[in-house]
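To keep things clear, I will list the structure first and then write my remarks on it.
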Amino acid sequence: MHGDAHTFDAISPLYDRLRPSVSPAVIESGLAFAERPIERLLDIGGGPGRGAEATDVPDRIVVDPAPGMLRAAAQRGLATTRAYAERLPFADDSADAVLFVDSLHHVDAPNQAITETARVLRPGGVVVIREFDPTGRFGCTMFALGRIVGLHSQPLTSESVAVMLESSGFAPSVLEDRFRFTAVGVVEREGDMSEEDGQSETIGGGVLIQDE
Amino acid sequence: MKESLLEILCCPLDKHDLELEDAEYEENEVVSGTLICTECGERYPIEDGIPNLLPPDMREGTPA
């Protein structure tokens, strides 16, 4: 396995218990940007499936390279697929929503992962990316702890994620809170581009969502 | 995995459809078998009911 997958597989039983909880309200507020009903969601780098579990989407698939994590997700009754974010094994236009909850910084080539996300999402579909803010003290500590257990994560700023989203054809928005940010991208529907391109003006916009 | 997952799964390399071979079932779930790309012929195993769609060159040394 590449990148951090081996480490995660080794620590998966512990990680499942210690991982910070996922706030359903924050995930929902990101998914609300979708311009279509969400029937199928991919939780990419989803580990034991906490992100997917925080939603009530009918068809939820956890995608991760680490088999130990996926077994934990399967025990929760979630569908699972072992894969890398840069090489998604899903057909074009096959999902309505994609989550990256604290996972994009573990991906070796995050740009490629976002390009693949744009490919699998249907028009009007949404990607929700949760990341620790690496410029804050809490984020700094999390990344330092990660390095101690042998993870090779690359901290991402909200600005860099917004640029990635935009270059893959998403209309991005960034929701800030105390320790983390949530970047949301919506796939343009056909015809949207000519009618209005005002959505991209919300980059880095001041929508505030508090963690509980 | 449920067999219905096959409707959206594809080859991670060339994104073509997959065919299920040697499937074993337990209570409507596929617990083992092989997914084969209809274009490049690459084979992807289903292990403990979890389809392993890691590209072959990124699969080395992985526990089953």
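Modelled spin-label separation between residue A:141 and residue A:6, with each label point placed 7 Å from Cα along the Cα-to-Cβ direction: 3.0 nm. Buried surface for the A/B pair, taken as the accessible area of each chain alone minus that of the pair with a 1.4 Å probe, is close to 1900 Å² in total. Sites counted here are GluC sites (Glu not before Pro) in a DSSP loop (not H, G, I, E or B) having no more than 11 other Cβ atoms within 10 Å; the longest part of chain B that contains none of them is B:28-59. Less than 5 angstrom separates the built amide H of residue A:101 from those of A:44, A:130, all sequence-distant by 5 or more or on a different chain. Taking 0.36 nm per residue of sequence separation and removing the Cα-Cα distance, the residue B:48/residue B:28 pair yields an extension gain of 5.8 nm. Which part of segment A:132-153 falls in the paramagnetic zone of residue A:179, meaning amide N under 16 Å from the point 7 Å along Cα-to-beta-carbon? Hits in segment A:132-153 for residue A:179 at 16 Å: A:132-147.
Only the Cβ atoms of Lys and Arg (+1) and of Asp and Glu (-1) were treated as charged; on that basis the dipole of segment B:3-59 about its Cα centre amounts to roughly 320 debye.
The values are calculated or read from the model by the stated rules, or taken from the named source; none is laboratory data. Keep in mind it's a predicted model, so treat the numbers as computed, not measured. Heads up, the Cβs are rebuilt from the backbone with ideal geometry, glycines too, and the neighbour counts pull from every protein chain shown. Heads up: the accessible areas ignore ligands, DNA and RNA and are worked out on the full protein's heavy atoms, side chains in. Shrake-Rupley method; radii C 1.70, N 1.55, O 1.52, S 1.80 Å.
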